[in-house]
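The structure appears right after this line, and notes come after that.
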Amino acid sequence: MEMIACISLLPLSLALMAGLWLCMRAYIALARKRGIVNGSGNNAVVTGGGIVIPIAYAAAEFYHLLSTGSLIYPWFFIGLAVIATVSFVDDIDNLSPMLRLAVHFLCCSLLIFQIIDSVPSFQPSALLIAVLLTCTVAVVNTFNFLDGIKGITGCYALTVLISPLFFTCHAINDLVIIAMVCAVIVFSAFNFRTPERCYCGDTGSISLGYFIAFYLLLQAVSQHSSPDSAAITCDFTVVTLTIVYLVDFSLTLLIRSIRRENLLQSHHSHLYQRLAFEGGVSHMRIALGYAATQLAISIVYILVPTSYHLSVLVLSILALTGAYTFISLRLNAARKL
């Protein structure tokens with residue numbers, strides 16, 4: 001993002017943050033009145049505070065519409081509106097997992113259509129579309145499942161949102177990325193504190209995962225002039241720039257499958273949850289640790305030549321898997337004492 005663009009959008013960013021701050025305060029007051037909370041009594045915390053994520057994106061789109069007469073990413077906007085609405089309903093009254101998954105596939109199809117529409121040179125095969133659809137749904141749900149302690153969603157999301165800006169040319173519209181960064185900062189101000197005022201909820205985590213999947217895929221596809229080259233590397237970009245979350249999610253899912261646990265039931269088996277609840281590590285240290293690890297991997301991935309991208313991905317998976325296993329064994333040993 002050019003410095004001139006940043007400076008020109010600064011007043012708009014400050015105005016947006018002020019508006020989102022007021023939205024958060026209004027939502028928290030309304031949610032408490034309507035009982036949209038987790039827990040009870042003095043321990044009750046408002047859920048669905050991540051509603052500022054889709055609100056911020058909508059604000060960016062409508063501002064662009066008033067300025068230019070057109071939306072920036074119309075198909076993606078429709079998908080985000082649908083997936084955020086369904087997720088908000090789920091925060092209030094639990095919906096069927098299969099219904100949620102069907103909505104995710106529908107909205108991720110709109111996401112991919114938007115990428116094809118935004119990058120005319122990208123004409124993927126049916127097989128590649130199927131692969132990308134699976135990847136985007138996986139990223140969306142990974143962000144949902146790894147929203148379990150205060151601060152982790154905001155810190156990690158900021159890392160992922162900022163990382164692609166280190167590319168020589170970034171593909172996303174400046175107005176959109178600034179709006180999303182502002183939304184995450186405002187949400188974190190209410191969440192990353194003691195005591196926390198709100199949780200992200202499905203509304204925020206699903207919307208955030210949906211935007212990040214679009215953001216990273218658009219960046220990856222825009223860097224290549226042909227579908228063949230994009231097919232080889234776009235998955236590397238999406239996976240590597242979210243690899244810390246994906247490894248935690250995948251290994252936890254594998255272990256729970258081996259134990260024959262019900263994968264649809266809520267649990268506290270993710271490594272970050274075990275560190276917090278079994279290891280007694282502060283939420284702040286875990287959140288910052290996950291974000292710093294991802295940032296380090298992302299910077300290496302972005303700086304090395306494209307030919308080394310697969311190597312960075314493989315080494316990251318091996319290192320993170322080793323760290324996950326080591327920490328899990330230590331926690332298991334401590335539990336037996």
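Quick note: the coordinates plus some simple rules give every number you see, no bench work behind them. Not measured: the values here are computed from a predicted model. Note that each Cβ is placed from the backbone with ideal geometry, even for glycine, and that neighbours are counted across all protein chains shown.
What ranking of Leu313, Leu16 emerges when the number of other C-beta atoms within 10 Å of each C-beta is taken as an exposure proxy, fewest first? List each step's numbers first, then the result.
Details: Leu313 18, Leu16 23.
Ordered from fewest to most neighbouring Cβ atoms within 10 Å, Leu313, Leu16 come out as Leu313, Leu16.
Can you put His283, His104, His309 in order, fewest other beta carbons within 10 Å first? Please report the intermediate quantities before stating the final value.
Values: His283 20, His104 25, His309 17.
Lowest to highest Cβ neighbour count: His309, His283, His104.
Please state, as a whole number in µm²/s, the translational diffusion coefficient that the Stokes-Einstein equation yields for region 35-112 at 25 °C and 0.890 mPa s, with Rh defined as the Kirkwood radius across alpha carbon pairs. Working shown, then result.
Numbers: Rh = 14.2 Å.
Roughly 173 µm²/s, to the nearest whole number.
If you compute Cα Rg over 2.2 N^0.38 Å for the structure shown, which of [x] 0.97; [y] 1.14; [z] 1.07 do you land on?
Identified label for the calculated read-out: [x].
Tell me, what is the FRET efficiency for Leu95 and Val300 to the nearest 0.05, using R0 = 41 angstrom and their Cβ-Cβ distance as r?
On the way: r = 40 Å, r/R0 = 0.97.
Once the sixth-power term is evaluated, E becomes 0.55.
Rounded, prolate or oblate: which fits region 97-149, taking a ≥ b ≥ c as square roots of the Cα gyration tensor eigenvalues, rounded meaning a/c under 1.5, else prolate when a/b beats b/c?
prolate
So if I restrict to the alpha-carbon atoms in region 73-205, what is the Rg, and what is Dmax, the biggest pairwise distance, in Å?
Just the Cα atoms of region 73-205 yield Rg and Dmax of 15.9, 50 Å.
What does the charge add up to near Tyr272, with Lys and Arg as +1, Asp and Glu as -1, over the other residues with Cβ less than 12 Å from its Cβ?
Numbers: positive: Lys150, Arg274, Arg285; negative: Asp147, Asp248, Glu278.
Summing Lys and Arg as +1 and Asp and Glu as -1 gives 0.
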